[in-house]
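First comes the structure, then the notes that go with it.
The values are calculated or read from the model by the stated rules, or taken from the named source; none is laboratory data. Since we're looking at a predicted model, the values are computed, not measured. As a convention, Cβ positions derive from the backbone with ideal geometry for all residues, glycine included, and neighbour counts pool all protein chains shown. Just so you know, the surface numbers come from the protein's heavy atoms only, side chains and all, with ligands and any DNA or RNA stripped out. Shrake-Rupley method; radii C 1.70, N 1.55, O 1.52, S 1.80 Å.
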Amino acid sequence: MKNCYLVCMAKIIHQRDNCIGCGACASFCPDYWEMSEDGKASLKGGAATSNGEYELEVEKKSCNQEAADACPVLCIILKEA
């Protein structure tokens with residue numbers, strides 16, 4: 001386990017192409033997730049990467065762990081940044 005004396009950063013990675021639009025992430029974590037007009041979830045403030053994913057660095061995982069755990073297709077990945 002990593003000890004954080006100041007701030008531990010986490011990176012949220014959303015593999016949006018794999019999203020089936022079930023809405024679990026938006027239900028568990030509406031501060032970070034919303035449903036888009038195309039029926040898929042969107043990571044609020046996420047930046048598009050060259051491989052089609054969306055990434056956002058945050059100070060704490062917060063409710064995003066619950067969102068990732070609830071995703072039936074596992075398209076939300078959390079990493080320590």
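For the reader, a short list of remarks on this structure follows.
- Largest GNM mean-square fluctuation across E57, E37, E66, computed for the chain with C-alpha springs under 10 Å, falls on E37.
- Computed in the context of the full set of protein chains, the accessible area of the chain at 1.4 Å probe radius has 49% of its extent on carbon or sulfur.
- For the chain, chymotrypsin sites (Phe, Trp or Tyr not before Pro) meeting the loop criterion (DSSP other than H, G, I, E, B) and having at most 15 other Cβ atoms within 10 Å: Y5.
- Straight-line cross-link reach from K79 at under 20 Å between alpha-carbon atoms covers these lysines, not counting any fewer than eight positions away in the same chain: K2, K11, K44, K60, K61.
- Entry comment: accessible area of region 9-81 is 57 Å² per residue, from protein heavy atoms only and a probe of 1.4 Å.
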